[in-house]
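Engineer: Let me give you the structure first, and then I'll get to my questions.
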Amino acid sequence: MKVFGKAALFATTLVLAGWALATAGVAATTEAACADRSLQGNTIIVPAEVRNYGTMQYAQTVDLEDKELVLTFDDGPDDKSTLNILDTLDRYCVKATFFFTGARAERYPHLVREAALRGHTIATHSYSHPNNLRRLSWNRAVRQITRGISEIQGALDGDEATRHIKVAPFFRFPGLNHSSPLRGWLASQNISTFSCDVGTDDWRRISSGAVVYRALRNIRSKRGGIVIFHDTHTRTARALPDVLEQLRVEGYRVAHMVPEAATTAQMALSDNGLTTATIQPQLPSSDGPTLELKPALSLH
Ligand SMILES: [Zn+2]
């Protein structure tokens, strides 16, 4: 389908098709689902050097062009929404970064693997999402981070098809409630911290239409940036087709963040530091057109 003359009709059809696939538990292949590449943007190589990204909290963000954005989804995977969101992303031929939690990865390991197989970046967001890691003891806070990583990597390791894929050295604090000491610890493990540039309010109890409105309003006001969604909400799954279709009409592009190919992050995966694992980056997705590679850091 390459004609988008009736955007609303298309979006409705897309939602219905997506829910049908989710209900049936059948994963559409990326190639079959990819209908229009006009929203597809650059692959952003995030340097191995540890940084804090996202102007909502930090001085710098990934280096994006005007009207270019990065899609991120937190808190999943979720058995009601994640597969539908993956289908929508496939339909628009774009890749996102998923900040999964370890507890949900334990529960839905097949969805972690599905996101990875479809070429998305797999990042982490603690084990059980305590809303403020600062309020935990140091050991418990670090354990939340390391157990999150190990469970999500465990989901990838649980199948031959995804065993070669490694969790990205990207961490997002639950509730965006960071602390300087914990960011320092993450840096010692070669893990970069990701906040965001653009909120969508999809965590609030609002309608999917309100998510569409607020997401577009906030993206337009910044003309792009790292956008934060949550794949644990059906309102987000329902809103995403309309958000992406409107962004396509307005000439936006969706970039895909991947760790620098040469990155090797040594990450302690236990409280006592006796166990370490080598976390290697995912390679950029090979499907789609030849993409411009550029460094992620923006110092302006
Ligand atoms: Zn979260």
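Engineer: Restricting attention to the stretch 54-104, report how many residues are of a type outside the set (Val, Ile, Thr) and either in a helix (DSSP H, G or I) or within 16 Å of the ligand (Cβ to nearest atom) (or both).
Structural biologist: Here is the first cut: in the stretch 54-104, the residues of a type outside the set (Val, Ile, Thr) are 54, 56-60, 63-69, 71, 73-81, 83-84, 86-87, 89-93, 95-96, 98-100, 102-104.
Then drop every residue that is not either in a helix (DSSP H, G or I) or within 16 Å of the ligand (Cβ to nearest atom) (or both), which leaves 54, 56-57, 71, 73-78, 81, 83-84, 86-87, 89-91, 96, 98-100, 102-104.
Looking only at that region, the number is 25.
Engineer: Of all residues in the stretch 105-140, how many are assigned to a strand (DSSP E or B) and of a type outside the set (A, V, I, L, M)?
Structural biologist: 2
Engineer: While we're on this one: Which condition does Ile228 not pass, out of (1) surrounded by fewer than 24 Cβ atoms within 10 Å (Cβ to Cβ); (2) not in a helix (DSSP H, G or I), if it passes all the others?
Structural biologist: Checking Ile228 against (1) surrounded by fewer than 24 Cβ atoms within 10 Å (Cβ to Cβ); (2) not in a helix (DSSP H, G or I), the one that fails is (1).
Engineer: Is it true that some residue in the stretch 158-177 is in a helix (DSSP H, G or I), away from the ligand (no atom under 16 Å from the Cβ) and not aromatic (Phe, Trp, Tyr)?
Structural biologist: The answer is no, given that none of the residues of the stretch 158-177 is in a helix (DSSP H, G or I), away from the ligand (no atom under 16 Å from the Cβ) and not aromatic (Phe, Trp, Tyr).
Engineer: Contact list please: Cβ distance under 8 Å, first residue in the stretch 48-67 and of a type in the set (Gly, Ala, Ser), second residue surrounded by fewer than 18 Cβ atoms within 10 Å (Cβ to Cβ), pairs at least six apart or on different chains.
Structural biologist: Ala48/Asn190; Ala48/Glu260; Ala48/Ala262; Ala48/Thr264
Engineer: Further, regarding this structure: Here's a check for you: in the stretch 216-253, which residue that is basic (Lys, Arg) and away from the ligand (no atom under 16 Å from the Cβ) is farthest from Pro174 (Cα to Cα)?
Structural biologist: Arg248
Engineer: Then there is this: Do any residues in the stretch 220-238 that are closer than 17 Å to Tyr53 by Cβ and in contact (Cβ under 8 Å) with a residue 24 or more places away in the chain have Cβ atoms under 6 Å from those of residues that are among the small types (Gly, Ala, Ser) and within 16 Å of the ligand (Cβ to nearest atom), where the two are at least six apart or on different chains, and which pairs are they?
Structural biologist: Going by the 6 Å Cβ cut-off, the qualifying pairs are Ile226/Gly54; Ile228/Gly199.
All of the numbers you see were taken from the coordinates with simple rules; none came from a lab. Everything numeric in this text was worked out from a predicted model, so none of it was measured. Cβ sites come from the backbone with ideal geometry, for glycine too, and all protein chains shown count toward neighbours.
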